[in-house]
Structures are given as structure tokens and as C-alpha cells.
Amino acid sequence: MLFTHEYITNRIIRIKDISLTAMYLVIGDHTTALLDTGIGIGNVREYIRNEIGKEVDLLILTHGHLDHASGAILFKDIPVYLNELDRDLMNRHVFDILSHVTYTEDMYRRLNMVCPEYSQADILEGYDSCHTLPLEDGDAFDLGGITLEAIHTPGHTQGMTMILFKEERIILFGDACGVGVLLVEDCCSTVEVYRNTLIHVKSYEGEYDRIIRNHGTCESPLSLLQNVIDVCADILNGTDDHIPSSAPIATDYPVFMAKETLPGTQTRVDGKEGNIIYAANKIR
Ligand SMILES: [Zn+2]
């Protein structure tokens, strides 16, 4: 099976693809929205139709990275929202992966993904380009009984967007803030800019009780946000653990992990959750 799913509330379903990247199906009274699409192996739209019994009316992409946006080519006939700052990134990534340019086991290894058996026939075809509508900070989508609000959170990518599920008091941090935030690629902001992003997210703290993400455990304690703000401060002050690290994505600069982790895990030695992996040119 190329996909699995679980209900995390009555209205929100977490779907994982074979790269174990999560996407979220949000079921409103009159509109069903999908947040992200996975890596482009297998037809998630048919899976949602056949296994969950829903039709997707609206697609929102949290950012343009290949493991989140590649399935978007399945949804060309419905509105697809993405922050415009990530449009080129998305087209580059999706083209590369669906053209097999990037499509190697090595890529999975570098992304620390699990890649079970799949058939070449499962890789989506038909890429030309993906038309997207602009997604901006503060945009709200009323699905009926549940409202999604976009929060622009530049850092991991320039167009990175968190989603607040207002009535459910849940926030999707996505790749914007987590156990190993990547600030490595050209498309990433500096730690200094990223810190301001997280301070902006702080203003939403009274509006959610649960943090969900797209990778790993997909759940984090509420302390995550402040922990990562503190990690930013440590990097900017030169007081982080500054551990030489291998980059999961190619860069010409040395890469460091801000906080030491237990060997082979993303668990911080000091027990706190939240970490940043950054390239030397991404501090200020
Ligand atoms: Zn990403």
C-alpha cells in the first residue's frame, strides 16, 4: 500500500505516503481541503476517493519542496494555493523529481526518508507546470464548521506557510518549525530572519493547543516554538553546540547542527524538543 491514513480529529485525517511525509485532509461541512500532496509516488487523489470516500475541492501547499508538492499535478482542475515566493522552487523540484532527475535512492538517503519497494509505474506522469493561486499571510478558507488560516513563515523556504485550524485549535507547523529545521539551501532564510518569523508565530500562541507537523512523529509539545526561538538566539550569539553535520541537501558551505542529539536520533541530549540544521552562510 502506497498510502496510510488515520483520523487525528473528526475533521482532520493524516495521510502518509511511502516517503512517510504526511499530508492532511480537512473535512468541512461543504468543502474538503487537502494540505500538501506527498512526493509524487502513487495517486493520492484516488486513495482519498476510494479509501476515505471524499473528493478534494481545494489544495493548499505549505511550501514548494518536492516531498510536499509533487502530487499537485493530480489536482490541476481544482484551486491550488501556494505562496508565490515558492512557485519557482516548486516547479523546479516537481519537474526534477517527476522527470527522474532527482529520483534516486541516494536522494532518499540524503533526505533520511524511508523508501519501501515501489514500482516505476507508481511515479506520477504528465508534468508540465502547476498553476497555483497566491497564498498570503492571513488568508482564510471557510470549509464549513472549520476555518483554515494561512500564516506566512519564511525560513525553511521563502514561501513557507503554517496553517491554523481555527475551530479545532490545532496548528500545522509543517517544515517551518520542528525537531530539525533545515536552513541550508539557497531558498532558506537566515537564522536572523527565521527568528523574526517565529516571534510572529508567537502572537498566535493563544489560538492553538496542539502542534502537528509533516515528518517524523508529526506531533510536538507546545514548548517547541519557544525552544526553537531559543536555539536561534544561541546560534546568533555563537553559543549553540555548533556540531558539524552532513547536509541532507547539497550546499557549498559547512553545515552545523545547533543542538547535540543522541546518536542516530533527533532527540536532543538536554531533553528539549526543537533543533536547527544550518549552513554557515545562513546565520545573518
Ligand atoms: Zn521542506
Around S203 (Cβ within 13 Å, Cβ-to-Cβ, excluding S203; K/R +1, D/E -1) the net charge comes to -3
Contour minus Cα-Cα span, E219 to D57, at 0.36 nm per residue, comes to 55.7 nm
Measuring from its Cα centre, the chain shows a charge dipole (+1 at each Lys and Arg Cβ, -1 at each Asp and Glu Cβ) which, in debye to the nearest 20, is 380
Under the 7 Å Cα-to-Cβ spin-label approximation, R169 and E205 lie apart by a distance in nanometres of 1.6
Helix-only [θ] at 222 nm, the chain, -39500 (n - 2.57) per DSSP H run of 4+, per residue, nearest 500, equals -5000 deg cm²/dmol
Given Cβ charges of +1 for Lys and Arg and -1 for Asp and Glu, the option among S246, F173, M162 whose Cα lies farthest towards the positive end of the dipole of the chain is S246
At 25 °C in a medium of viscosity 0.890 mPa s, the chain has a Stokes-Einstein diffusion coefficient, with Rh taken as the Kirkwood radius over alpha carbon pairs, in µm² per second, of 129
Place a point 7 Å from the Cα of D270 in the direction of its beta carbon; the residues of the range 205-234 whose amide N falls under 18 Å from it are 221-234
Note on the chain: contact order normalised by length, alpha-carbon pairs under 8 Å, 6 or more apart, percent, works out to 14
If every Lys and Arg gets +1 and every Asp and Glu gets -1 at its Cβ, then about the Cα centre the range 191-260 yields a dipole, in debye to the nearest 20, of 160
Contour minus Cα-Cα span, D252 to L236, at 0.36 nm per residue, comes to 3.7 nm
With all protein chains present, the range 4-282 has a carbon and sulfur share of its accessible area (1.4 Å probe) in percent of 48
With the dipole of the range 4-282 defined by +1 on each Lys or Arg Cβ and -1 on each Asp or Glu Cβ, the option from H131, T217, L66 whose Cα lies farthest towards the positive pole is T217
Computed over the range 1-48, protein heavy atoms only, probe 1.4 angstrom, the accessible area per residue in square angstrom equals 32
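The values are calculated or read from the model by the stated rules, or taken from the named source; none is laboratory data. As the structure is a computational prediction, the values presented were derived from the model and not from experiment. Counting neighbours? That spans all protein chains shown, and the Cβs are built from the backbone with ideal geometry, glycine included. All accessible areas refer to the heavy atoms of the entire protein, side chains included, with ligands and DNA or RNA removed. Shrake-Rupley method; radii C 1.70, N 1.55, O 1.52, S 1.80 Å.
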